[in-house]
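These notes are about the structure you will find just below.
The values are calculated or read from the model by the stated rules, or taken from the named source; none is laboratory data. The model shown is predicted, which means the values in this text are computed figures rather than measured ones. Note that each Cβ is placed from the backbone with ideal geometry, even for glycine, and that neighbours are counted across all protein chains shown.
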Amino acid sequence: MILGSKSDLEVASEATKTLDKLGVTWEQVVSSAHRTPERTVQIAKEAMGKGHKVIICMAGYAAHLPGVVAAITNLPVIGVPLSGSPLNGLDALLAQQMPSGIPVAAMTIGTAGAINAAVFAARIVALSDETVRAKLVQYVNDLAAKVLG
């Protein structure tokens, strides 16, 4: 998981809690597409070699982080737009609309997006990991049970 700023840690904690619940191992770093671009490029280039299966990127304001990372790696990239700008995250959401060939799976703004990013990442990992698949099935069943009371 790449965060555009330390200020994104609170929202990211919702994703990490969900990843833990689903049995998905994760690594979290802070790197800005605008303030530390060389670092961001290095992280994206090295991710596959480290065994990562998917990258979640969280950023606010212009939120170019997911797009920049998607342009560098062939791993699936999930973007979580965050509020914090005068546009309350709408700018971050729109910044994740990418040209063809550079896909970003854009989630909703904020905490719900962070949780959905974790679940989506788990779905990707579950394609080749039986343990994560079983925990994901239980997670979905638990959501249904909450609705049904």
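Worth a mention:
- Filter result for the condition that a residue is in contact with a helix residue (DSSP H, G or I) (Cβ under 9 Å, 6 or more places away or on another chain), surrounded by 19 or more Cβ atoms within 10 Å (Cβ to Cβ) and modelled with pLDDT of 95 or more, over Val11, Val29: Val11
- Candidate set: the stretch 92-131, residues that are surrounded by fewer than 19 Cβ atoms within 10 Å (Cβ to Cβ) and among the hydrophobic types (A, V, I, L, M, F, W, C); chosen: the one nearest to Val69 (Cα to Cα): Ile102
- Of all the residues in the stretch 1-45, those that are within 14 Å of Cys57 (Cα to Cα) and among the β-branched types (Val, Ile, Thr) number 8.
- Residues satisfying the stated conditions in the stretch 67-91, i.e. buried (at least 20 other Cβ atoms within 10 Å of the Cβ) and either among the β-branched types (Val, Ile, Thr) or within 18 Å of Gly49 (Cβ to Cβ) (or both): Val68, Val69, Ala70, Val77, Ile78, Val80
- Condition check for Ala112: under 28 Å from Lys21 (Cα atoms) and free of Cβ contacts under 8 Å to residues at least 12 places away in the same chain: yes
- Just so you know, in the stretch 116-149 the residues that are part of a helix (DSSP H, G or I) and charged (D, E, K, R) include one that is nearest to Asp20 (Cα to Cα), and it is Lys135.
Table: residues versus (1) small (Gly, Ala, Ser); (2) closer than 19 Å to Gly110 by Cβ; (3) touching a Ser or Thr at 6+ places or on another chain (Cβ under 7 Å).
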{"residue": "Met1", "(1), (2), (3)": "no, yes, no"}
{"residue": "Lys6", "(1), (2), (3)": "no, yes, no"}
{"residue": "Val11", "(1), (2), (3)": "no, yes, yes"}
{"residue": "Ala15", "(1), (2), (3)": "yes, yes, no"}
{"residue": "Val24", "(1), (2), (3)": "no, no, no"}
{"residue": "Ile43", "(1), (2), (3)": "no, no, yes"}
{"residue": "Val54", "(1), (2), (3)": "no, no, no"}
{"residue": "Ala59", "(1), (2), (3)": "yes, yes, no"}
{"residue": "Pro66", "(1), (2), (3)": "no, yes, no"}
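- Only one of Ile102, Ile56, Ile78 that is on the phi < 0 side of the Ramachandran plot, over 13 Å from the mean Cα position of the chain (by Cα) and hydrophobic (A, V, I, L, M, F, W, C): Ile102
- Looking at the stretch 1-108, the helices (runs of 4 or more DSSP H) lying wholly inside it that each contain 2 or more residues that are closer than 23 Å to Lys135 by Cβ sit at 9-21.
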